[in-house]
1. For segment 295-371, list the strands (runs of 3 or more DSSP E) that sit wholly inside it and hold at least 3 residues that are closer than 27 Å to ALA411 by Cα; which are they?
2. Which of the residues belonging to segment 435-447 are in a loop (DSSP other than H, G, I, E, B) and surrounded by fewer than 18 Cβ atoms within 10 Å (Cβ to Cβ)?
3. Would you mind stating whether GLY299 is in the same structural domain as MET270 (by TED's automatic domain parsing) and either at pLDDT below 90 or surrounded by 20 or more Cβ atoms within 10 Å (Cβ to Cβ) (or both)?
4. Could you list all residues from segment 48-62 that are within 10 Å of LEU72 (Cβ to Cβ) and in a helix (DSSP H, G or I)?
5. Which members of segment 401-424 meet the condition of being farther than 28 Å from HIS293 by Cβ and of a type outside the set (Asp, Glu)?
6. Looking at segment 359-370, is at least one residue of a type in the set (S, T, N, Q), within 30 Å of GLY307 (Cα to Cα) and either in contact with a strand residue (DSSP E or B) (Cβ under 9 Å, 6 or more places away or on another chain) or in contact (Cβ under 8 Å) with a residue 60 or more places away in the chain (or both)?
7. Give me the pairs: first residue in segment 434-449 and within 12 Å of LEU465 (Cα to Cα), second residue among the aromatic types (Phe, Trp, Tyr), beta-carbon distance under 7 Å, and six or more apart or on different chains, which are they?
8. Which one of LEU464, LEU392, LEU450 is over 27 Å from THR217 (Cβ atoms), surrounded by 15 or more Cβ atoms within 10 Å (Cβ to Cβ) and assigned by TED's automatic domain parsing to the domain that holds ASP361?
Amino acid sequence: MKTYQELARSAGGGSKTAFCELVRRFSDMAKAVALRRLRDPALAEDALQDAFLTAWLHLTGLRNPDAFPAWLRGIVTNSCRRMLRAHPPDILTSDLDNIEDLPSDDLDPWEHYARFQTRDMIRSLLASLPGVYREAAVQRYLLGRSYEDISSALGVPVGTIKRRLHDTRERMIRAIAGHDAQAIRVGCLPISDHLLPMIAQQRHDQTAFHVSLRRFTSWSELAKAMVNEALDAAMMMAPLTMVLHNRGVPLKWALDGHHEGSAITMQKSMIRDGGSHGFPGRDLAGATMGLPHPLSTHGMLLRSVLGLGPGGRPFRPVYLSPSCMALPLARRNLDGFFCSEPWGLMAENAGTGTVLIRSHDLAPDHVCCILAVRSDFARGKPELLDGYLKLLTAAAGYVHAHPTESAAIQARFTGVNRDAAALVLERGFVTFRDLSPDSARARQVMGMALQSGILDRPCDLDALLLPRAN
């Protein structure tokens, strides 16, 4: 296989065949750049066509073939800017599920400083790398591409790509460690289940170590950030964590994030005879149901406890961020949804839905979200992780003692309705007691995940669960 440098030289000399091969190898990368800029597949496709034409016309001016990927990204970026000037974007509620994370207006000065300093440091480190090392790091860590895709684009064996990225990552870790040795990057969603990181962030003075809390609006983006090592820890659904662990992502189950906390919310017309808590599955058969992710706790409960899906009563899942489910329900595009609170209560308050049943009635004391931690972070910074776990444990005590104040913190962090968030806590719809990892609860989740088809094989719980400190 020719390297991309060889192809760039040939294409610069007029070879259309070589240029077509470059387009084939780098079209996915270029499309990722365009989609990040434009958030519109149709506009992104137009931008790509314009960019590749521009690249063909100006390739003779590329003096250093090593720089072709970065040169192409610059052309794609300029093409996107022209598209944005011609087509100013309309931001719709339905687009929120594709946004990586919402901007925050309440960052403290240290956080602003750390973000800019770290960004500039990483840019300098990447600029110092040889061409293929630099390009592999950009495609992996900034664009989230797989090792196989990077290998195909650069014409370098997968094993070489992995070794080079390992070396690069070690350099980044050493550089970041010198910049800020005592920091943990944590991800969460704007849901009641993820309240503990919000409380911990609010009440932590950042003196002993810094916590950088990053809010996401979709499970897919949160999981991607963990896989691509952009986070050290995250609140993640247990079955999703088990699937990633089985796929080789080095994760540890460090703490239960909460117990219970979700609700099935339906249009009133879908509930027969006022609902049947003895067997609500009949109200869901054939329904179009909003779920937060294909590997969610919620889909697992529908299939394993209520017998919905293949081999049972059929239903149609639609995967949406929890924050994006209320509007389709109100417009009757969904018959119902199953996700964490306070979205069910907010739909009830708005008169657009009725809570049919809560997850604690389906599987009492079940684990939904956990604190998943990358294994290298747990191994390399055990004292820092222990300090953060103590913060979360203290936050759990604060939530139960001060539900109203805790709901106010959640509303400040996420924008959700404060009264609905308070009601979730006051009525005990979600609980934060006894959060130490427990093998029996983990086996219960694994059993339901296997029964529902989310897991294709058992998970090694001894390897996944973080051992308790003595």
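1. 336-340, 354-358
2. SER436, ASP438
3. It is true that GLY299 is in the same structural domain as MET270 (by TED's automatic domain parsing) and either at pLDDT below 90 or surrounded by 20 or more Cβ atoms within 10 Å (Cβ to Cβ) (or both).
4. ALA51, PHE52, THR54, ALA55, LEU59
5. The answer is ALA401, HIS402, THR404, ALA408.
6. So far as segment 359-370 goes, yes, one or more of its residues are of a type in the set (S, T, N, Q), within 30 Å of GLY307 (Cα to Cα) and either in contact with a strand residue (DSSP E or B) (Cβ under 9 Å, 6 or more places away or on another chain) or in contact (Cβ under 8 Å) with a residue 60 or more places away in the chain (or both).
7. From segment 434-449, the pairs are PRO437/TRP253; ALA442/TRP253.
8. LEU450
The values are calculated or read from the model by the stated rules, or taken from the named source; none is laboratory data. Since the structure is predicted, the reported quantities are computational estimates derived from the model, not experimental observations. Here the Cβ is made from the backbone with ideal geometry for all residues, glycine too, and neighbour counts use every protein chain on show.
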